[in-house]
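Structure first, commentary second.
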Amino acid sequence: MVKATINNFESLALSGKTLGNLTYSTRKSVGKRSDTDTAVVNINGSLDTLNIEPQAGFDFGMKSKTPLKLVNGKLMATEARSNGRSAIVQGIQGSLLPLSDPATDEFSEDDYDMVFVTGKDNKPVGRVRSKDAFDSHDLELFGTEAILKRDYRGQLERDPDTGETTTTGYSLDFTQTKKGDDEIGHLIRIILSKNEFERLRPNLKAYGKYVPQGLKLAFVGNETTNWTIYADTLVPLEEKGTEKPAQNQSKATTNQADKAKG
């Protein structure tokens with residue numbers, strides 16, 4: 001597996017409650033050698049599915065449509081086979097249990113402060129624990145770069161009249177000062193919208209510490225990184241005082257289970 005140098009995370013705690021209502025469908029073998037059995041579950045009775053690597057002893061022979069809950073879920077990047085080649089894909093592990101089982105997540109609901117979204121259209125999937133990826137109060141800004149609009153071939157799009165490129169957003173590069181250069185998670189890259197970055201730009205300083213708000217995480221699995229992090233905005237660390245990150249994250253999505261109940 002290629003070791004990502006930016007947004008390099010081992011795994012993040014995933015709240016099963018925020019995935020929605022899960023029902024068992026079938027078994028599917030995945031992994032680099034197709035030697036890992038996962039449970040395919042449907043979400044909220046829709047055609048949307050997730051592959052979840054369950055606990056040892058899971059009953060893959062249970063009836064289809066059996067309601068389940070995910071406890072102590074983990075989101076991670078893992079290897080799989082795609083068109084005969086090894087590829088990096090998102091993976092989910094955890095205990096898939098009957099709804100009547102009393103087991104609960106290790107962390108409180110407030111700890112899951114970052115929205116996990118799809119990489120293609122940023123559709124909310126569930127909520128994860130940002131603290132497993134980085135310390136939001138230890139991010140020192142050192143660089144920014146414009147994100148330019150590209151076509152489906154990856155080529156830069158240019159205005160037919162002026163030949164100018166179009167900026168869609170900005171990536172901001174941070175270091176975690178409490179981690180060494182060779183430690184996992186040392187470099188963190190966060191994406192801001194074009195309008196929000198330009199609003200903040202006059203007051204952004206090199207080596208300033210900023211706390212991201214309204215965090216979102218998407219799996220991308222490319223040569224640079226496995227994950228993309230988005231934020232609604234940044235707040236200078238000194239303005240945050242001693243408040244906890246989870247109390248300041250904007251609720252960027254509604255609990256998917258609540259949506260299903262509605």
message = As an exercise: evaluate Asp110 against (1) in contact with an Asp or Glu (Cβ under 8 Å, 6 or more places away or on another chain); (2) surrounded by fewer than 15 Cβ atoms within 10 Å (Cβ to Cβ) and give the number of the one condition it does not meet.
response = (1)
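Evaluate the following for Leu204: is it more than 20 Å from Phe134 (Cα to Cα), in contact with a strand residue (DSSP E or B) (Cβ under 7 Å, 6 or more places away or on another chain), among the hydrophobic types (A, V, I, L, M, F, W, C) and in contact (Cβ under 8 Å) with a residue 60 or more places away in the chain?
When the stated conditions are applied, Leu204 passes them.
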remark   = Restricting the range 175-213 to residues that are over 20 Å from Trp227 (Cα atoms), at pLDDT below 95 and not hydroxyl-bearing (Ser, Thr, Tyr), the one surrounded by the fewest Cβ atoms within 10 Å (Cβ to Cβ) turns out to be Gly180
task = With the condition kept exactly as written, say whether any residue in the range 90-110 is part of a loop (DSSP other than H, G, I, E, B), hydrophobic (A, V, I, L, M, F, W, C) and within 30 Å of Asp173 (Cα to Cα).
result = yes
ask   = Any chance the range 76-91 includes a residue that's at pLDDT 95 or above and either more than 19 Å from Thr224 (Cβ to Cβ) or polar (S, T, N, Q) (or both)?
value = no
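I'd like to know if the range 227-246 contains one or more residues that are exposed (fewer than 11 other Cβ atoms within 10 Å of the Cβ), outside any loop (DSSP other than H, G, I, E, B), basic (Lys, Arg) and at pLDDT below 90.
Within the range 227-246 (the criterion being exposed (fewer than 11 other Cβ atoms within 10 Å of the Cβ), outside any loop (DSSP other than H, G, I, E, B), basic (Lys, Arg) and at pLDDT below 90), the answer is no, since none of the residues qualifies.
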message = Looking only at residues that are more than 23 Å from the chain's Cα centre (by Cα) and among the small types (Gly, Ala, Ser) in the range 157-207, which one is farthest from Leu139 (Cα to Cα)?
response = Gly163
task = Name the single residue, out of those in the range 9-66 being hydrophobic (A, V, I, L, M, F, W, C) and part of a loop (DSSP other than H, G, I, E, B), that is farthest from Met114 (Cα to Cα).
result = Met62
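The values are calculated or read from the model by the stated rules, or taken from the named source; none is laboratory data. None of these values were measured; they are calculated from a predicted model. So basically every Cβ, Gly included, is an ideal-geometry build from the backbone, and we count neighbours across all protein chains shown.
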